[in-house]
1. Viscosity 1.306 mPa s, temperature 10 °C: Stokes-Einstein D of the chain from its Kirkwood Cα radius, in µm² per second?
2. Pull up all non-local amide H partners of residue 110: gap of 5 or more, or a different chain, and H-to-H distance under 5 Å with H placed in the peptide plane.
3. Rounded to whole Hz and in sequence order, give me ³J(HN,Hα) for the range 117-127 from the Karplus expression 6.51 cos²θ - 1.76 cosθ + 1.60, θ = phi - 60°, writing x for Gly and Pro.
4. Output ³J(HN,Hα) for the range 73-82: one whole-Hz value per residue in order, computed from phi by the Karplus curve 6.51 cos²θ - 1.76 cosθ + 1.60 with θ = phi - 60°, and x for Gly and Pro.
5. Go through the range 201-258 and name the GluC sites (Glu not before Pro) that are in a DSSP coil and have 11 or fewer other Cβ atoms within 10 Å of their Cβ.
6. Enumerate the calculated ³J(HN,Hα) couplings along the range 168-177 in order (Karplus 6.51 cos²θ - 1.76 cosθ + 1.60, θ = phi - 60°), each rounded to whole Hz, writing x wherever the residue is Gly or Pro.
7. Can you give the calculated 222 nm mean residue ellipticity of the chain, where each DSSP H run of n ≥ 4 adds -39,500 (n - 2.57) and the sum is split over every residue, rounded to the nearest 500 deg cm²/dmol?
8. Tell me which residues come under 5 Å, amide H to amide H, from residue 180 once H is placed; ignore anything under 5 positions away on its chain.
Amino acid sequence: MSQLYFQCAARSAVGLVRNGNEDSALSGPQLIAVADGMGGHAGGEVASSVAINTLAAIAPTFTNAEIDVDSASDLFLNSLHTIDGQIHVVAQDEPQLAGMGTTLTALFISGAEISLLHVGDSRAYRLRGNDLDQLSADHTVLQELLNKGVISPSDAQDHPQRSMLTQALMGEGNLEPALQVFEGKIKDRYLLCSDGLTGVLTDKEIKSLIKGKGAAEAVDALVDATYINGAPDNVTIIIADLVESSSTDIEKIGAAKP
């Protein structure tokens, strides 16, 4: 199985309402991730930064070409516990950060196998041909109500519990992570984003803005569209196209930027 790679464009913007950026992201040839922090006293900024920096530090263990696919997947899955533990350590050392947390949505590619690790309501999408599919499922009260048929998709647009998370990385050690695995194909396009994008744009609008454009142009089009719609939250976007050769280095953006 030949090795495929992500060719990425990424951007993180504060938006029009927030004073700071609580989003962090990581883009690289085998690993991309978005984290959306939460918590007062800069807690969200710290939590998302800890998540992305910890993941970046662990990444060489599972992106190593000498490791078999199954072992790499296990290491990637268990990275979630390491990240959660590090958030706990930081919160213990700085009591004013108690209660901070973050989402994390990450894709790791080994050969042509793509693994999704996901906690919270940041999202992963795949554009394959003309089909845009949401690969992640939101860990929110709203999504649970939708799954149970208690509310309709139209009711969900303005629901008061729209952003209430049922899972997040908060250093509490109560995670039950699971990997979703997909087969990657050349010309697939992946989108990772914080809810600053999906809170103001529909999937149909997102698809129209990322299809038929270069990755960097598509990222800018999405960010511009959030600003046109008021940009009430930080917005972080990674677009990654599957290619056969690695041409990018690992980059951190948002709160995790060095």
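1. The Stokes-Einstein estimate is 87 µm²/s.
2. Here 115 satisfy the definition.
3. Ordered by residue, 3J(HN,Hα) equals 10, 8, 9, x, 10, 5, 10, 10, 10, 10, 9 Hz.
4. Karplus-based 3J(HN,Hα) across the range 73-82 equals 5, 4, 5, 5, 4, 6, 4, 4, 5, 5 Hz.
5. The qualifying sites are 244.
6. These are the phi-based 3J(HN,Hα) values: 7, 8, 10, x, 9, x, 10, 8, 10, x Hz.
7. Computed mean residue ellipticity for the chain: -10000 deg cm²/dmol.
8. 116
Computed from the coordinates by the stated procedures, all read-outs in this text should not be read as laboratory data. Computed from a prediction, not measured in an experiment: that's the story for all the values here. With ideal geometry, Cβ positions are generated from the backbone for all residues, glycine too; neighbour counts draw on all protein chains shown.
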